[in-house]
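Notes to accompany the following structure.
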Amino acid sequence: MIFSPVPTGRRLQLRLSERRWLLMAGDVLAVLIAVLIALFVWSVVGRYRFTLDFILPRSYWFVVLVGLWLLLASANDFYDLRVSASRAVTIQHLIVITLQMLVIYLVVFFLAGSLRLPRLFILYYGGASFILIALFRLLNPALARWASARRRVLIVGTDAATAAIIGAIARYAQPAYDIRGVIGNGAVSEVDGVPVRGSGKNLLRLARQEGVSEIIVTATHALSDEMFQGVMDAYEAGLTVVPMPLLYERITGQVPVEYVMQNWSVVLPIEGGSIFNPYQLFKRLLDVVLVLMGFAVFLLLLPLLALLIKLDSPGGIFYSQERVGLNGRIFRIYKFRSMRSDAEAATGAVFSQQGDPRVTRVGRVMRKTRLDELPQLVNVLRGDMSIVGPRPERPEHVRRLVEKIPFYRTRHVIRPGLTGWAQVRYSYGSTDEDALVKLQYDLYYIRHQSLALDLNIMVRTIGKVIRMSGV
C-alpha cells in the first residue's frame, strides 16, 4: 500500500539521488578499507614492513578497485532501492558482483603477461570487501536511521500521468517515497487507491500538515490559475517541485513519451551537442578498439559457424537487411543467418517472436548467445553503427511506428548500436507496444549518454550473453 494515512517521525527525507549517493559513499569507503586490509595481509604473508614505502607503489589499487566496484555495482542494480530494501537480495547481488570481479581479475591475470599482477591479493580484497560491504548494507537501517524516512510527496493532477507515476513509485521506488495524497479539482475522489485530498488553494496547508517535502506535477495540460498559485506557494515555501516526466525518468530509467506532450526538452539530450564534448571522440575510439578485438573472436568462430549453418539448413552463411540509422539514413546490416532462407516469403517484414518457428536449430543457439550479431562489427567499423546505441529497426517498421508512437524519430539522432539500454533493461520485444517501452529506454540513453553508461551497458550485455537470454 503506497498511501499511509498516519505520518511517521520527523526524520530527514532524502531525495532518491541522495539515498543512492549515501549507499555509494558507504560502499566506496568499505572498498578503500578492504584494499588497505588486503595490502596489510599481503605485507604479512610476504614478510614486508607495512609502511608508506610499501603502500605508495601499490596505491593505484585504491583507484582501480573502486572504479571496478562502481562499474559492476551499477551494472548489477546494486543501487536500486528495491535491492537495498531487501537484505536477502542485497547479499545475492553482492555475491554476484564479487564473483564477477574475481573472474575479471583472473582473465586479466592470465592475459596480462608481463604485468606481473599479484596472485593472492585479489582474494584478500574480495573477502574483506564482501564482509565490509555486507556489514554496511545490513547495518545501514540502524546507522542511517536519522535519514531513513520515506520522502513524503503530494501529486498535483488527476490525469493518466498521475496513475503512471503512482504505479512507477509502487514498482520501482516504494522504499523511498510516501505518497500523502493527490491534489485535484474535485472531479474524482481517488487515483489508483490514493485519495484526492484537496485543491490548489489548500495545497501548501496540506503539505505542511503532512510534512511533505516534494510536489510532483503530473498535469499534461496547462494548470488552472488556482493550481498554479498553489504550486508556486509550495515552491516559495521551500518545497521541491518536480515534473512527473523527470521523476519517472529517474525512477525507471525510461522517458515516458506518452505523458510529455510537445515538451521536447524532456525528450532530447539535456544539453544538446557540443564541439568541445570529447565523449563522441572517445566513444568512436572505443568502438574501433573493441571491433579490432572482436574481429579476433569473429575470425576464430567463422569456420565452425559457417559449417554448422550450411549443414543445418540450405541457404547462405550471412544475410543482410536494410535498417534505419543515424539521421534516418538507410544502411545494410549484416548477420549470420539464423532463420530459414524463405522466412519472410509469405509474411513480409514482421517482428521475430519468442520461440519463432522460422529460426533454425543452429540459429536458436546463435541468437541466445548473440553470436549471430558478430558480422555487425563490420557495420561498426564502417561507422554505420556504434557498439552501444538504440538497436536499428527495419524501414517498414519505422514508417509504421513513427505514425503511431510520439517522438519515435528521436531514436535516429544518434548512431544505432550492437547493444543498448533497452536491450539490457527489457525483454525481447515483438509488438508495437514493446517498441514503445524500448523507445522510452532508448530516449533515456540519448539524454544521458556517457562512457560510464556505455560501460554499464556493455557489462550488462556480457551478463545476458552468459545467461543465454537472447531469442
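Summary table below
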quantity: Value of relative contact order over the stretch 150-252, rounded to a whole percent, pairs C-alpha under 8 Å and six or more apart; calculated: 33
quantity: Ellipticity estimate at 222 nm from DSSP helix runs (n ≥ 4, -39,500 (n - 2.57)) divided over the chain, nearest 500; calculated: -16500 deg cm²/dmol
quantity: Exceeding the 32 Å Cα-Cα cut-off - candidates LYS283/LYS368; LYS404/LYS464; LYS283/LYS335; LYS201/LYS404; calculated: LYS201/LYS404
quantity: Magnitude of the charge dipole, the chain, Cβ model with Lys/Arg +1 and Asp/Glu -1, debye to 20; calculated: 1340
quantity: Relative contact order (percent, whole number), the chain, Cα cutoff 8 Å, 6+ residue spacing; calculated: 13
quantity: Sorted by Cβ neighbour density within 10 Å, fewest at the top, the residues GLU210, GLU249, GLU322, GLU433; calculated: GLU433, GLU322, GLU210, GLU249
quantity: Alpha-carbon centroids, the stretch 162-229 and the stretch 58-95: separation in whole Å; calculated: 34
quantity: Dmax and Rg, reported as Rg then Dmax, of the stretch 279-466 (C-alpha, Å); calculated: 16.2, 45
quantity: Normalised convex hull volume, the chain, alpha-carbon set, Å³ per residue; calculated: 187
quantity: Filtered trypsin sites (Lys or Arg not before Pro), the stretch 34-99: DSSP coil and at most 16 other beta carbons within 10 Å; calculated: ARG47, ARG49
quantity: Global form of the stretch 150-252, assessed from the alpha-carbon gyration tensor, a/c cut-off 1.5; calculated: rounded
quantity: Positive-end residue, the chain charge dipole about Cα centroid, Cβ charges, pick of ILE317, TYR441, GLN209; calculated: ILE317
quantity: Solution diffusion estimate, µm²/s, Stokes-Einstein, the stretch 370-469, Kirkwood Rh from C-alpha pairs, 4 °C, viscosity 1.567 mPa s; calculated: 93
quantity: Amide hydrogen neighbours beyond the local backbone of THR360, cut-off 5 Å, H modeled; calculated: MET339, ARG340
quantity: Residues PHE121, PHE54 arranged by fewest to most Cβ contacts within 10 Å; calculated: PHE54, PHE121
quantity: Placed amide H near ASP178: partners under 5 Å, 5+ positions off or other chain; calculated: ARG151, ARG152, VAL153
quantity: Mean Kyte hydropathy of 1.6 or more with a Cα span along the axis of at least 15 Å, helices from DSSP in the chain; calculated: 16-46, 60-75, 87-112, 279-312
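Throughout, read-outs are computed from the coordinates displayed, never taken from laboratory work. Keep in mind that what you see is a predicted model, and the values were worked out from it rather than measured. Note that we place each Cβ from the backbone using ideal geometry, even for glycine, and neighbour counts take in every protein chain shown.
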